[in-house]
Each structure stands twice: as structure tokens, then as C-alpha cells.
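Q: Take this structure, written in C-alpha cells, and hold onto it; I'll ask about it next.
The values are calculated or read from the model by the stated rules, or taken from the named source; none is laboratory data. Predicted, not measured: the structure shown is a model, and the values here were computed from it. Heads up, the Cβs are rebuilt from the backbone with ideal geometry, glycines too, and the neighbour counts pull from every protein chain shown. Ligands, DNA and RNA are stripped out before the accessible areas are found, and what is left, the full protein with its side chains, is counted by its heavy atoms. Shrake-Rupley method; radii C 1.70, N 1.55, O 1.52, S 1.80 Å.
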Amino acid sequence: MLTQLFKETNRIFSLLLRQHRLNIILWLIGIVGLTLGVAYVYPMIYENQSDLMGLGITMQNPAMTAMLGPAQLPADYTAAIAFAGEMLLFTAVGMAVMNILLASTTTRLDEEEGRLELVQSLPVGKLSYATAATLLMFLLNAAITLAIAIGLGLMGNADFTWEASFLYGAVLGATGLFFSGVTFIAAQLSETTRGTRSIAFSVLILSYIIRAFGDVSNETLSLFSPLGWTVRTEVFATNEWWPIIGLIVGAALLIGVGFILNHRRDIFQGLLPQYPGKKNASWFLKTLPGFVWSQEKVKLISWSLGVFLIATAFGAILGDLETYFADMDILQAFLPNLDTASLTEEFIRLLFAIMSLFTSIPAVTMITSLKHEEDVGRLDIIYSRSVSRTKLLLTYYLIGLVFIAMMQLLMAVGIYYSASFMMDEPLSLVTFVEIALLYIPAIWFLLSLTTFILGFVPKVLQLIWLYLTFSFIVSYLGNLMEFPEWLNNLSIFHHTPVEFDVYPLLAISVLAIVLSSLGFVAYNRRDLNN
């Protein structure tokens, strides 16, 4: 009986590996290359113990704890601990995103697009496809674990010991595998890829918020988040392995439950109840904006809520930043322009820059959603009616554009609301709104670049995520690692002024208009699914 359930798993695994090999290679190069590249330069950045102690004291403040997790004592700081403190959590979030995207693609998307039905029409087991997808995710996480561990161990730096290097790789792989399990469960609950990713990303955002609150105020609360276990490995310091066991056991339980649910449900169905809705559609739903909004509203509302909660969390810990930041020379590497603004304001600007990159994600997915609808063939139904391509693409584009502004305002209000209770002399709401609005042209540029790729080379649309990742690296580490100016200039966020300056903002906006215009023209001229 068991043999029949898993029949031909090996052949399906080979098929999935071949189908997704390009994405797998790009993720491998991106995560492993970034990790090893940053680790290589850290001992050169922090050349003496006083620099490391300065960074260690800086990392003790509540804002950095909420952003990156609890830090080691300053006296114990080494270059390896500094590297782990600043890179581990964000890399773990990157691993979670990779697992959510790939796991949802190899499970629910393949089912939604009919590939699973085609495979299961052949003499294969009922659980063979799910098993092959799980093995693929396990192999990818194991490969990243080993590549990072061996790469760090071979650096020849005494701070990067072999045990700690394997722990660093293992915690990333275990965190990724945990969120692969979360996605596997979500794929059984929802009957669409959009719903699966919404559930999985909601769990990721909630995990980050719980960890941030817990790390600052209550360690027990942080243990309810898988990311709270991730940062408690204290890698390169005490090297705690118990969180790895917890993450792997949690992943195994999630995947096991996912297999049970997968065996019990029918193909193309989800376990969450689907409500039939109203008998007659409202006038708004009959319009194109209303239809697109109904398709995207769950994702957009979830991201809005997540951004607001994260902004509120960071606003609540701004009160004591001036005390922590005073006389921290090493902080200048993170926060430039200390001569013109207060340290707290500079930290807020860095916070807005990073969070603006996160708000870019749902805006970009508005355009990638249109490509998904094209891939599954649902656009044929829409275009068979009196709907032009320009009108449909413009609807997705404008909703994304409006959503960008709304997310930035929510971010400003969230930080202001909590900071006003915690700071002795809180900044005004107008100041927060002005900083948030400065990043709208850069996010608009990302939306337009996505439209441009959709129009000209839709097959490589996923490359927009590499550019987004690159922009994040430049914003987060560009000043610290002293990237060459030409490299910084490749990120559009690097050109966002710290204060209102009409010329760079106008230049970015014009670029966005040109890219989106070319994208609209190309989208109208190319064949669908080509």
C-alpha cells in the first residue's frame, strides 16, 4: 500500500529538478554568494577591538534588537559575531521567502496549472508529487547549508570556526525548511497559489513581529516565533544547537501534517471553506478595477496590516535611541549625514529605506500576478470580451501605484503613533510622512521596471526579485562595506535624497514613466504566453 502511494517519486523528482533548475541555481548563487561575500569583508571592516566593541554597544539598543535580534555582550565581540549579528536574521528571512515561493510553485501552482493532474493521470502514487516536491526543497536547503558552512570554514579566519560555520549554515537551512513546511500546509488549505502565498507570507510577517516584540520585552514570547529560535543559536559565540533541533522537528511535523491533509483532499480543492458569495455581483465587481481588486485584496490588506504592525513595533522603541547612539563612531558607517540631522532622525531614515523595500514587494507582485493569470490561461477569457490589454495592464498598474502611496502613509502613521508615546520630543507626523513620501518615486520605478520586463521579456520576470535584493543590500550594507559608487548607483534607492529635493525625485519619476510607457507598448505588441 505504501509503495503504491509513493510510486515513481524518483522520476517526478527528476522532472521537478529539471523544471526549476534555473530558479534553484539563481537562489543558490544569490544567498550563498551574498553570505560568503559579506563574511569575507567583515574582518577587513572591523580591524581592531575598539571598533568591534563600538559596534557591540550599538547592537545592544532596543531598535537594533527589534530589527536584528538580541546581541552578544560588547566585550565578547569578534568579526564573526558582528557578521552573524547583522546578517543572520535577514538572510534567514531571505531563506523563508525562497522556500515559500518555490514550495508554493512545486505544489499549488503545478496543481492550479494542471501539471499535477497530467502527472497523476499516469501510473504514479497519490503522494508521489508531494514527496518529490518535499525532497526538492530538502535538497535545496541542504545544499545551501553545506555550501555556506564549507565556504565560511575555508575562509581561514580563526573567528569562523568549523563548528560555528556549520551551525550558521544549518540554522539557515532549518529556518528555510520550516517555512517550506508552512507553505506545504498552506497549499492544502487554499485552492489557489495566491491564497497559499498569502497564508505563508502572513505567517512569516507575524513571526517577525512576535520575535521583535519578544526580543525587546519578553524572551518567552520570542520563543513562539520560529525566527526567535533562529536568532537564539548565538552562532560564533556559544553556538547553541537546540534551536536547530526545534526548527527541524517543527518542519517535520508541518510536512507530516501536510501529507495527511494532501492525502485526504481532492485535487484542485482546498480545505478552507469557499463561500459562494453573493448571488448577484455588485456594480463595483462588474467593473475592471473592482474585479482586479477582488483578486488582489487579501494580499494587499495582509501586507498593509503587516507593515503597519512592524512600523508600530519600531516606533515603540525609538524613545531611548539618542542615549544609545551618542558618541558611537562606528554608527556613522550605517547612518551618514550626521552633521545635518539628529541620530534618531538618521536611524528613522534608514528604517524607512529598508521598510520601503519591503513595501515594494506587494507593488511588484501586482504586475507579476498579471503574468500568472496569463500563464494559467485566465486572460484568454478576459481578452475574449471588449477589454484591451492597455486597460487591463493599466488597472493592475494603477492599483499598485495607489497601494504604494497608501503603504508609505501607513508606515509613517504606524511609527508616529507609537513613537509619540515613547519619545520625550517626538517628531511630528508631517516629518514622518515627508520621509515616507520620498521613497515613492523609487518604488514607482520598481513597479515600472517590472512592467517593462513584462512587456519585453516576460520569461525572465522573476529577475526583478534579484534587483530588489540587490537594492536591499546597497541600502543596508552599502555604506558599511564601502561599495564603489558605480555599484551603489545601480540601485534606484541610492538616489533617493535624505530631504526633499525636486531634481533627483523628478529624474526617478521620469525614468519610471519612460520604462512603464515602453512596457505598455511592448505588452500590446507581443503574443500572450510568448
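Q: So if we plug the beta-carbon distance of Asn280 and Asp375 into 1/(1 + (r/R0)^6) with R0 = 25 Å, what FRET efficiency do we get, rounded to 0.05?
A: 0.25
Q: If you don't mind, there's one more thing I want to ask. So what is the accessible area of the range 396-530 per residue, in Å², with the probe set to 1.4 Å?
A: 48 Å²
Q: Let me ask something else about it. Would you tally the net charge around Ser428, using a Cβ to Cβ cut-off of less than 12 Å, leaving Ser428 out, and scoring K and R as +1, D and E as -1?
A: Overall, the nearby charge balance is -3.
Q: Further question: Roll a 1.4 Å probe over the protein chains and send me the accessible area per residue for the range 189-228 in Å².
A: Counting only protein heavy atoms, the per-residue value for the range 189-228 is 40 Å².
Q: Using the Cα centre as the reference, give the magnitude of the dipole from point charges on the C-beta atoms of the range 10-166 (Lys, Arg: +1; Asp, Glu: -1; all else neutral), rounded to the nearest 20 debye.
A: Value, rounded to 20: 640 debye.
Q: Turning to a different aspect of this structure: Determine, from the Cβ-Cβ distance of Ala252 and Ser294 and an R0 of 35 Å, the FRET efficiency 1/(1 + (r/R0)^6), rounded to the nearest 0.05.
A: For R0 = 35 Å, the calculated efficiency reads 0.40.
Q: Just want to confirm a number: the relative contact order over the range 403-530, from Cα pairs under 8 angstrom separated by 6+ residues, in percent.
A: 34 percent.
Q: Residues of the range 399-425 with amide nitrogen under 13 Å from the 7 Å Cα-to-Cβ point of Thr287?
A: Zone members listed by number: 399.
Q: Let me ask another. Please report the spacing between the Cα centers of the range 376-416 and the range 76-113 in Å, no decimals.
A: 27 Å
Q: A follow-up question, please. My understanding is that a pair violates if its Cα-Cα distance is over 21 Å; which of Lys286/Lys391; Lys297/Lys371; Lys299/Lys459; Lys279/Lys391; Lys278/Lys371 do that in this structure?
A: Exceeds cut-off: Lys299/Lys459; Lys279/Lys391; Lys278/Lys371.
Q: Do you know the relative contact order of the range 338-427, to the nearest whole percent, from alpha carbon pairs under 8 angstrom that are 6+ apart?
A: 31 percent
Q: While we're here: Per residue of the range 190-201, in order, report the coupling 6.51 cos²θ - 1.76 cosθ + 1.60 (Karplus, θ = phi - 60°) as ³J(HN,Hα) in whole Hz, putting x for Gly and Pro.
A: Computed from phi, the couplings for the range 190-201 are 9, 9, 10, 5, 4, x, 4, 5, 4, 5, 5, 5 Hz.
Q: For Tyr40 and Asp424 in one chain, what is 0.36 nm times their gap in residues minus the Cα-Cα distance, to one decimal in nm?
A: Answer, rounded to one decimal: 134.1 nm.
Q: Quick check on the range 98-250: take the gyration tensor over C-alpha atoms, sort the square-rooted eigenvalues as a ≥ b ≥ c, and tell me if it's rounded (a/c under 1.5), prolate or oblate.
A: Judged from the Cα gyration tensor, the range 98-250 comes out oblate (a/c at least 1.5, b/c at or above a/b).
Q: What does the range 385-530 give for Rg and for Dmax, in Å, if only its C-alpha atoms count?
A: 17.8, 60
Q: Alpha carbon centre of the range 279-300 versus the range 454-530: separation in Å?
A: 30 Å
Q: What is the sum of charges around Leu505, taking Lys and Arg as +1, Asp and Glu as -1, for the other residues whose C-beta is under 13 Å from the C-beta of Leu505?
A: Neighbour charge sum, excluding Leu505 itself: -3.
Q: So what is the relative contact order for the chain, in percent, with contacts set as C-alpha pairs under 8 Å and at least six apart?
A: 14 percent
Q: Taking all protein chains in place and a 1.4 Å probe, what share, in percent, of the accessible surface of the chain do carbon and sulfur account for?
A: So the carbon and sulfur contribution to the accessible surface is 65 percent.
Q: Roughly how many debye, to the nearest 20, is the charge dipole of the chain about its Cα centre, given +1 on each Lys and Arg Cβ, -1 on each Asp and Glu Cβ, and no other charges?
A: The calculation lands at about 3140 debye.
Q: Follow-up question, since we're still on this one. In the neighborhood of Pro362, defined by Cβ-to-Cβ distances under 13 Å, what is the net charge if each Lys or Arg adds +1 and each Asp or Glu adds -1?
A: Here the count lands on +3.
Q: Also, I was wondering about something else. Answer rounded, prolate or oblate for the chain, using the Cα gyration tensor with square roots of eigenvalues a ≥ b ≥ c: rounded when a/c is under 1.5, else prolate when a/b is larger than b/c, else oblate.
A: Oblate shape, in that a/c is at least 1.5 and b/c is the bigger or equal ratio.
Q: When a/c reaches 1.5 or more, the comparison of a/b and b/c decides; with that in mind, is the range 104-152 rounded, prolate or oblate per its Cα gyration tensor?
A: Judged from the Cα gyration tensor, the range 104-152 comes out prolate (a/c at least 1.5, a/b above b/c).
Q: Continuing with the same structure: Tell me what the chain gives for mean residue ellipticity at 222 nm when only DSSP H runs of n ≥ 4 count, each as -39,500 (n - 2.57), the sum divided by the residue total, rounded to 500 deg cm²/dmol.
A: -24000 deg cm²/dmol
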